[in-house]
Amino acid sequence: MKFDYEVLIIGGGPAGLSAALALGRMSRTALVCDDSRPRNAASSHLNNFPTRDGIHPAEWRKLVRKDLEKYNTIGFFEGSVISVEKSGSGFAAKLSSDKLLHFKKVILAYGVEDKYLQVPGYKELWGKSIFHCPYCHGFEVRGTKLGLIGNGDTLFYMLPLIYDLASDLVVFTNGKAEFKDEQKALLERKKIRFIEDKITGFDYEGEKLKSVLFENIESVKRDGLYALPTFPFNLKSKIGEVLGCEKDQFGFYKVGERGKTSVEGVYACGDNSNGAHSVLLAAASGGMAGAGVVHELLSEKLLE
């Protein structure tokens with residue numbers, strides 16, 4: 001069977017680009033398909049990445065693309081992958097350009113979509129005054145008045161991180177609190193106020209949050225907010241599901257150490273296969289998936 005490339009990489013973010021780098025270093029052919037929907041598009045900087053702390057996400061991707069230029073086995077397609085189907089000993093992928101190309105292996109690197117609270121101002125403040133990760137955005141708001149939006153046991157996993165950042169912390173459950181008695185006792189002991197009223201919007205100026213607005217009570221002044229994820233996560237594409245890749249209770253693909261999914265020849269990496277979400281960890285995951293695919297390709301070649 002004739003293949004256009006050995007590997008299809010769906011997603012041009014940190015995971016996909018790092019996978020491409022591993023493949024390029026071993027002279028494997030791969031096509032990176034990028035539909036320009038980066039998860040961190042709303043943010044003006046990425047952090048916690050050695051040598052690139054504080055860089056703009058778009059600039060980081062530009063630098064990685066520059067690194068990949070010397071590997072002539074790596075190609076790029078600026079568009080979407082519409083579908084992927086098993087075809088013979090590999091896969092057939094239809095692109096948004098209507099081209100049908102054939103590949104030996106597939107790497108799913110398309111990440112997740114954040115779920116926005118459906119109130120005015122939330123989406124506008126996302127990545128600017130409302131965040132999901134203290135490692136990515138905590139240092140810049142340390143020592144200020146912060147809020148944590150969430151409920152149940154998951155909230156208490158994040159609580160220590162935000163509590164230590166804030167000069168004053170308020171928990172917003174956006175509805176009836178689902179806390180155990182010992183959890184309520186902890187909040188009372190640490191003088192952490194929790195508000196059960198529904199959030200209706202935000203008072204803000206430009207990218208700066210001023211206060212949180214509610215259905216029945218007065219507004220509460222805050223300088224920044226952290227929002228817990230709602231499980232299961234929505235992935236940016238259903239291609240993996242259509243191929244039959246198994247997922248866990250959080251909505252992530254189940255993968256082995258090197259990113260191999262439950263479907264032979266299909267790998268996943270980055271935010272779609274791991275709950276620890278950052279550029280650094282996504283890049284590491286992509287590098288591992290790329291190495292896994294390289295080893296599989298070359299092992300098969302040896303046995304030909």
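General observations
- Prolate/oblate/rounded label for region 134-225 (Cα gyration tensor, a/c 1.5): oblate
- Where M26, M288, M1, M158 fall by accessible area, highest first, once all protein chains stay in place (1.4 Å): M1, M26, M288, M158
- Comparing E205, E85, E178 in a Gaussian network model of the chain, where Cα atoms under 10 Å apart are tied by springs, the biggest mean-square fluctuation is seen for E205.
- Among L243, L17, L108, residue whose mean-square fluctuation peaks in a GNM of the chain (springs only between Cα atoms under 10 Å): L243
- Ranking of R222, R25 by solvent-accessible surface, largest first: R25, R222 (1.4 Å probe, protein heavy atoms only, all chains present).
- Carbon and sulfur %, accessible surface of region 154-304 computed with the full protein complex present, 1.4 Å: 51 percent
- The chain: Cys lacking any partner C-beta under 4.7 angstrom: C33, C245, C269
- Kyte-Doolittle mean at least 1.0 and Cα axial length at least 27 Å: DSSP H helices in the chain: 279-302
- Take region 110-191 with all the other protein chains still there, run a 1.4 Å probe, and you get 54 Å² of accessible area per residue.
- Computed with every protein chain present, the accessible area of T154 is close to 60 Å² [probe 1.4 Å].
- Euclidean distance between Cα centres, region 227-304 to region 31-53, Å: 18 Å
- Residue with peak Gaussian network fluctuation, the chain [Cα springs, cutoff 10 Å], from V170, V141, V119: V119
The values are calculated or read from the model by the stated rules, or taken from the named source; none is laboratory data. All values reported here derive from a predicted model rather than from experimental measurement. Quick reminder, even Gly has a Cβ in these numbers, built from the backbone with ideal geometry, and neighbours come from all protein chains shown. Areas reflect the complete protein model, heavy atoms only, side chains present, ligands, DNA and RNA absent. Shrake-Rupley method; radii C 1.70, N 1.55, O 1.52, S 1.80 Å.
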